[in-house]
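Data first, discussion second: the structure below is written as structure tokens.
The values are calculated or read from the model by the stated rules, or taken from the named source; none is laboratory data. Just so we're clear, the structure is a prediction, and the values are computed from it rather than from any experiment. Every residue, glycine among them, receives a Cβ derived from its backbone with ideal geometry; neighbour counts consider all protein chains shown.
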Amino acid sequence: MKKMAIISILSIVVYACSHKTTATVTKTETATSLTMEAKGALYAANCVKCHQLVEPEKFTKEEWVGWMDKMAPKAKITNEQKANIYDYLAAHAKAE
């Protein structure tokens, strides 16, 4: 019985300390039917709060995924806003 209690407690501790992952931009996240101009304005409005805007052509689509995953929580944007901004950046991204 004592062994079972110790195993249970250790299991809970391991689970609680396990690595948490963050959401990434995927094809399954849907963007609304905003125009590309509106998506660009959303990008500008949210990102310029903290730094100068980066030209979308500076990074590839894959590189933008990493930046979006890093910056979206800091900007406190919704998943829908994130998807719209990514659509804009991906449409204007550097060719691979």
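Side notes on the structure shown:
Table: residues versus (1) charged (D, E, K, R); (2) at pLDDT 95 or above; (3) in contact with a Ser or Thr (Cβ under 7 Å, 6 or more places away or on another chain).
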site	(1), (2), (3)
13	no, no, no
16	no, no, no
19	no, no, no
29	yes, no, no
50	no, no, no
53	no, no, no
64	no, yes, no
86	no, yes, no
93	no, yes, yes
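- Scan of segment 39-60 for residues that are more than 13 Å from residue 91 (Cα to Cα) and either among the acidic types (Asp, Glu) or surrounded by 10 or more Cβ atoms within 10 Å (Cβ to Cβ) (or both), ordered by number: 41, 42, 44, 45, 46, 47, 48, 49, 53, 54
- Subset of segment 49-96 [outside any loop (DSSP other than H, G, I, E, B), free of Cβ contacts under 8 Å to residues at least 40 places away in the same chain and among the aliphatic types (A, V, I, L, M)]: 71, 72, 75, 90
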